[in-house]
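The values are calculated or read from the model by the stated rules, or taken from the named source; none is laboratory data. All values derive from a computational prediction rather than experimental measurement. Cβ: placed from backbone, ideal geometry, glycine included. Neighbour counts: every protein chain shown.
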Amino acid sequence: MVPKATPVAVLINPNFADAENQLRDVQEAAARLGLQLVIVRANTESDFDAAFSTLVRQRAEAVLVCASPFFNNRREQLVVLAARHAVPAIFEWRDFAAAGGLMSYGTSLADAYRQAGVYAGRILKGEKPGDLPVMQSTKFELVINLSTAKALGIEVPPTLSARADEIIE
């Protein structure tokens, strides 16, 4: 969506159990792509304003909001802050794009819930949970909010629109 954005801010919750892995993965990807990152951390609601002030002060041209249950529970606040500061933001869950975020890319929760139902059925039929294989998500979904893109002055490339699983008007 913003291919020349640099630096890119990364909002991470340091209290999330997987935060260090997320940060390492993002830093490795940024190094391969030659992107400069601005790392901002938030683990309370009051941290959000300071985090967005920092990314604006550092002139971040986009923000990646890392996965965190804390962030998910405060999606509206994060979407509003991204809009207020006119920063294109990508999130992990579809719900963020539906709430007005620019875009999301992550595991399909519907598919994950379906798989959980399959597992529950197998257990109810007598299989031992410990004998079931560990499953990882295989279905990911890209959701783009066109209204937010328009408000940010971003033209969505047709090739990206064609790849999206859902377009929110």
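Of the residues making up region 74-81, not a single one is of a type in the set (D, E, K, R), loosely packed, with under 12 Cβ neighbours inside 10 Å and not in a helix (DSSP H, G or I). Contact map, region 27-50: residues that are in contact (Cβ under 8 Å) with a residue 24 or more places away in the chain paired with residues that are among the hydroxyl-bearing types (S, T, Y) and surrounded by 11 or more Cβ atoms within 10 Å (Cβ to Cβ), Cβ distance under 8 Å, separation 6+ or inter-chain. Pairs shown: L35/T6; Q36/T6; V38/T54; V40/T54. Filtered by the rule that a residue be aromatic (F, W, Y) and part of a helix (DSSP H, G or I), region 15-70 gives F48, F52, F70. For region 1-14, the tally of residues that are in a loop (DSSP other than H, G, I, E, B) and of a type in the set (A, V, I, L, M, F, W, C) stands at 3. For region 82-96, the candidate set comprises residues that are in contact (Cβ under 8 Å) with a residue 60 or more places away in the chain and assigned to a helix (DSSP H, G or I); within that set, the residue that is nearest to N145 (Cα to Cα) is R94. Scanning region 113-169 for residues that are in a strand (DSSP E or B) and either of a type in the set (A, V, I, L, M) or over 30 Å from A99 (Cα atoms) (or both) returns L142, V143, I144, I167, I168. Going through (1) in contact with a Ser or Thr (Cβ under 9 Å, 6 or more places away or on another chain); (2) at pLDDT 95 or above; (3) among the acidic types (D, E) one by one, D18 falls short only on (2). Of the residues making up region 8-38, those that are surrounded by fewer than 17 Cβ atoms within 10 Å (Cβ to Cβ) and touching a helix residue (DSSP H, G or I) at 6+ places or on another chain (Cβ under 9 Å) are P14, N15, L35, Q36.
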